[in-house]
Amino acid sequence: MFDVIIKTLDLEKVEIPELHFNLNQQSFAKKYQNAGLDRKKQLWASRYLLAEILNTSFQAVITDGFLGYDQFHRPYISEQSHYSFNISHTENTVVVVVGMDEVGVDIESWDREINLNNPRKVFSPAELNYANDDSRIILKLWTVKEAVLKAAGVGLRVSPNQVLVDLQAHSALFQDQCFNLIDFQIGNQICGTIAQKLGD
């Protein structure tokens, strides 16, 4: 059973001024002052959605500086440390997931091709056998691996082949830690996976 909240935003339907929610985002402006407009929209949207979830679903009081950054520059909720969140974006869509346990999310466009020079560096023999060269299953496996690595707090600094995926059981294993999986779609264009670390 997943105890997470997910929200999405279509950036094609949002103007930058609408994303200036009631925060004095000086730290944000300084950190991302050199980012391009599309990247800034993604970043503003992700923080807008995160603040909205925390405020409406958890009644958290949001102030400037509610996000901190760890040694790997990963954001965390500095004032609500018992919540975990994760963000993913592709093209014009941003997704934010918040949960009580460690969570990760990844979304990809169905038309994205995963170009693999050596697929065994990413997928196990069992996963490749299960995919049977089906590009949609390969993409789904990729979203699982990235979501799990994000939930584990390591991201793609670790090789994805260390994540063992069982799509039929909706679970994955990474470094002896089990993760529950939920897959979802946004319209007909985007697939996604949420990974939630099972409590110790």
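Counting beta carbons within 10 Å around each of 89, 170 and listing the fewest first gives the order 170, 89. By other beta-carbon atoms within 10 Å, ranking 76, 83 with the fewest at the front produces 76, 83. Across region 83-118, the residues whose backbone nitrogen lies under 18 Å from the label position 7 Å along the beta-carbon direction of residue 57 are 83-89, 94-107.
Per-residue Karplus couplings for region 154-165, computed as 6.51 cos²θ - 1.76 cosθ + 1.60 with θ equal to phi - 60°, are listed in order as 10, x, 7, 5, 10, 4, x, 5, 7, 9, 9, 10 Hz, Gly and Pro entered as x. 3J(HN,Hα) along region 187-192, derived from phi through the Karplus expression 6.51 cos²θ - 1.76 cosθ + 1.60 where θ = phi - 60°, amounts to x, 9, 9, 10, 10, x Hz, with x in place of Gly and Pro.
In terms of other Cβ atoms within 10 Å, 56, 90 run from fewest to most in the order 56, 90. Separation of region 171-186 and region 112-129, taken as the distance between their Cα centroids, equals 18 angstrom.
Protection proxy ranking for 120-129, 99-108, 172-181, using the average of other Cβ atoms within 10 Å per residue and placing the highest first: 99-108, 172-181, 120-129.
Please say if region 101-200 is rounded, prolate or oblate, where rounded means a/c under 1.5 for a ≥ b ≥ c the square roots of the C-alpha gyration tensor eigenvalues, and otherwise the choice is prolate for a/b larger than b/c and oblate otherwise? Cα axes put region 101-200 in the oblate bin.
Coordinate-derived values only; no laboratory data. Since the structure is predicted, the reported quantities are computational estimates derived from the model, not experimental observations. For neighbour counting, all protein chains shown are included, and Cβ atoms are generated from backbone atoms with ideal geometry for every residue, glycine included.
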